[in-house]
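A.B. asks: Can you read through this structure? Questions will come right after.
A short reminder: the numbers here are calculations on the coordinates, not readings from a lab. In this text the structure is predicted, and so the values were computed from the model without any measurement. FYI the Cβ positions are ideal-geometry reconstructions off the backbone, even for glycines, and counts take in every protein chain you see.
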Amino acid sequence: MNHMILTEMKNREMNLWEAEAREIAQLKREKLEIQRRTLELAEREKRDRDILFYNSIIDTNLPPIQQQKLLEMKMKIKERYNLDY
């Protein structure tokens, strides 16, 4: 009789461990999904800022060296996003 009780207790304990392991795995998957979505959002926001800058007009009152640097930055953005304009 005691053997049956011990076996049943061990089975219950194993079921609890398995349930906990499944819950931990699910939480890890959810955390990774949140991290992925956060990264995608940050990338979209960066792209939006880059496109806004790319479409902005370079101030002709700036020194030529600064104008050139801004133009170079715009060309890098054009290449990065494969812009055709």
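A.B. asks: What does the charge count around Arg36 come to, taking other residues whose C-beta lies under 12 Å from its C-beta (Lys +1, Arg +1, Asp -1, Glu -1)?
C.D. replies: Surrounding charge for Arg36 is -1.
A.B. asks: So how compact is the stretch 2-80: Cα radius of gyration and Dmax in angstrom?
C.D. replies: In Å, with Rg to one decimal and Dmax whole: 28.3, 92.
A.B. asks: Assuming a strict under-24 Å limit between Cα atoms, what lysine pair count do you get for the chain once near-sequence pairs (fewer than 8 apart, same chain) are dropped?
C.D. replies: So the count of such lysine pairs works out to 6.
A.B. asks: Here's another thing I want to ask about it. Write down Rg/Rh for the stretch 1-45, rounded to two decimals, with Rg from the C-alpha atoms and Rh from the Kirkwood relation over Cα pairs.
C.D. replies: Expressed as Rg/Rh, it is 1.48.
A.B. asks: Could you work out how much longer the chain between Gln35 and Leu83 gets when fully extended? Use 0.36 nm per residue separation minus the Cα distance between them, nm to one decimal.
C.D. replies: 14.5 nm
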